[in-house]
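The values are calculated or read from the model by the stated rules, or taken from the named source; none is laboratory data. Not measured: the values here are computed from a predicted model. Note that we place each Cβ from the backbone using ideal geometry, even for glycine, and neighbour counts take in every protein chain shown. Ligands, DNA and RNA are stripped out before the accessible areas are found, and what is left, the full protein with its side chains, is counted by its heavy atoms. Shrake-Rupley method; radii C 1.70, N 1.55, O 1.52, S 1.80 Å.
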Amino acid sequence: MINKKIKVITVALLSFIFIVALAFTYSEISSLDENEKILEDIYSSQMETILFSVNQHSDDYVNSWANKIASTLNRFESHDSISYLYNALVNNNKSIKCVLTADTLNNLKFKEPKSYNLDFKEILKNNKVLIDRLVRYSQANYRKIEPVELKQKNGDLLLLFIAKDIANNEELCGIIINSEDFIYNIIADKILKINQGNLGSNFIIAVINGKNNTTIYPDTASKKLDVQTRKQLWLLPEYYLAMSFTGETVESLVQKRTYTNLIFIIILIILIFVGSYAAFKTIKKDIELAQIKSEFVANVSHELRTPLALITMFAETLEMGRVPSEVKKKEYYTIISQETNRLSKIVNKILNFSKMEAGKRTYSFDLIDINDVACEVFNTYKFHVRNKGFKFEIKVDDSLPLIKADKDAIGEAIINLIDNAVKYSEDEKEIKITTGTTDENIYLEVADKGIGISEENQKRIFDKFFRVTSNLVHNTKGTGLGLSLVKHIMEAHKGDVTVTSTLWKGSTFRLVFPIEN
Ligand code: ADP
């Protein structure tokens, strides 16, 4: 009943813990996605800021070139002067390949350096809409610079804008740059600062070619980066600014952490289960012990009451002089003496047990012959046991070496075993004491052909207060202390007590002593 209650409480508690752990695990796993999303947002907004500053930096450069060209056009009319200044611009800036101006938006006025082979007219024709828009911007006093890809030229880009010449006419200007040179000479500067900044060693900002995804800058980075997010550059539409990880990605760090948390939870659940199981076992054992103890009190009371009742009854009968014959009187005296013996045996057992429990039982060891003890007990008990209808025998091995033992304690152990053999035998009444040796030890066996002990109970019969709770045993008186006393005695002798038994066939208890060297 109590066990059932504990079980219910334990199961309810475990289920509760399990559900909480499950909910936590679920929230951890679902937060993985959420974490990744948050991270993506962080990357994206960080990237946006970086991109803006890189674009701004590129724009500043290109605008400064455009300003120089515009002011040249605005101040000089002579072809030579303008050409001279254009050449200076080309020579001073590694990324500029050529500077061009078309005077009436139809004819080329300058083409520098001369070697740059470009069909400018074709470009003008193809980009008419764009140029018209640039002109409209210029009329509104805003100079916009637009990139135009030069298809046949590898990585070369034409940056178009409108500037006003000395006569205030709108002229189409172009700066031809090489994109990769521009990246190395101008954008790299900015990126270097960003990479050295507070991004942390795990991140780098790189420029990648959008067509083949190869890394242009930094050239130390591996050609294929673990790109987290990328954004197109304003001026160089073919190129992208990319944020990538050199070390472990934050996602994988977050993932790892989440997995570590999960492992911890699993370990925790296992520990909780193991702990609960251990607690359940201990509580169960304690309750069983409490139950067993109360049974013990009932058993002992019963054990004491029966002989006391008999003694009182026969003593009173004798006292009143109501016993007619001497034979009867003798019989009554014998009963009184037997029952007194039984009483003192029980009381001794209890006293010995309480001494043993308190750790106060002492032993006095002497060199003794175990056969002597066995024979002494056999001789004392043989009439008593045989009187009860038992075939009682002893067979000793005369070659046994002496052992160091407490003679009285060993005698007590043997008596306990004989007592049990008598108590737990039914129809086949046969008890045999045997002594002998094996390679490692000396033994004394008490074998009976009684009711036997189930395998499950064999493990527990040496526990204090334990009694087999089958109906048959309940009818047999006992305290559940005998075998625990035997075990204690044997342990004090550095030996052991073992049992082999088959239900309804009989049991053999063996006291095992180590051989003295
Ligand atoms: P008890 O006072 O009950 O005999 P013990 O500690 O001596 O206490 O024995 C514990 C239990 O072991 C007994 O209740 C009985 O069920 C079982 N037992 C002991 N000896 C024998 C035996 N020889 N045959 C069958 N069962 C036995």
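Data for the structure
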read-out	value
Residue that is nearest to the ligand (Cβ to nearest atom) [pool: residues in region 376-407 that are assigned to a helix (DSSP H, G or I) and either hydroxyl-bearing (Ser, Thr, Tyr) or touching a residue at least 12 places away in the same chain (Cβ under 8 Å) (or both)]	Val385
Criterion: more than 9 Å from the ligand (Cβ to nearest atom), open to solvent by 30 Å² or more (accessible area, probe 1.4 Å) and either in a strand (DSSP E or B) or without any contact (Cβ under 8 Å) to a residue 24 or more places away in the chain (or both) - qualifying residue of Glu428, Glu412, Glu456, Glu516	Glu456
The listed residue being open to solvent by 30 Å² or more (accessible area, probe 1.4 Å), of a type in the set (D, E, K, R) and more than 18 Å from Tyr443 (Cα to Cα), out of Lys395, Lys423, Lys407	Lys423
Region 73-100, residues that are under 14 Å from Arg143 (Cβ atoms) and either among the hydroxyl-bearing types (Ser, Thr, Tyr) or open to solvent by 50 Å² or more (accessible area, probe 1.4 Å) (or both)	Asn74
Residue within region 100-117 that is modelled with pLDDT of 80 or more and part of a loop (DSSP other than H, G, I, E, B) present	no
Test: Thr469 is modelled with pLDDT under 90 and within 12 Å of the ligand (Cβ to nearest atom)	yes
Hits in region 151-163 (condition: on the phi < 0 side of the Ramachandran plot and surrounded by 15 or more Cβ atoms within 10 Å (Cβ to Cβ))	Lys153, Asp156, Leu157, Leu158, Leu159, Leu160, Phe161, Ile162, Ala163
Scan of region 312-351 for residues that are among the charged types (D, E, K, R), touching a helix residue (DSSP H, G or I) at 6+ places or on another chain (Cβ under 6 Å) and either open to solvent by 60 Å² or more (accessible area, probe 1.4 Å) or not in a helix (DSSP H, G or I) (or both), ordered by number	Arg342
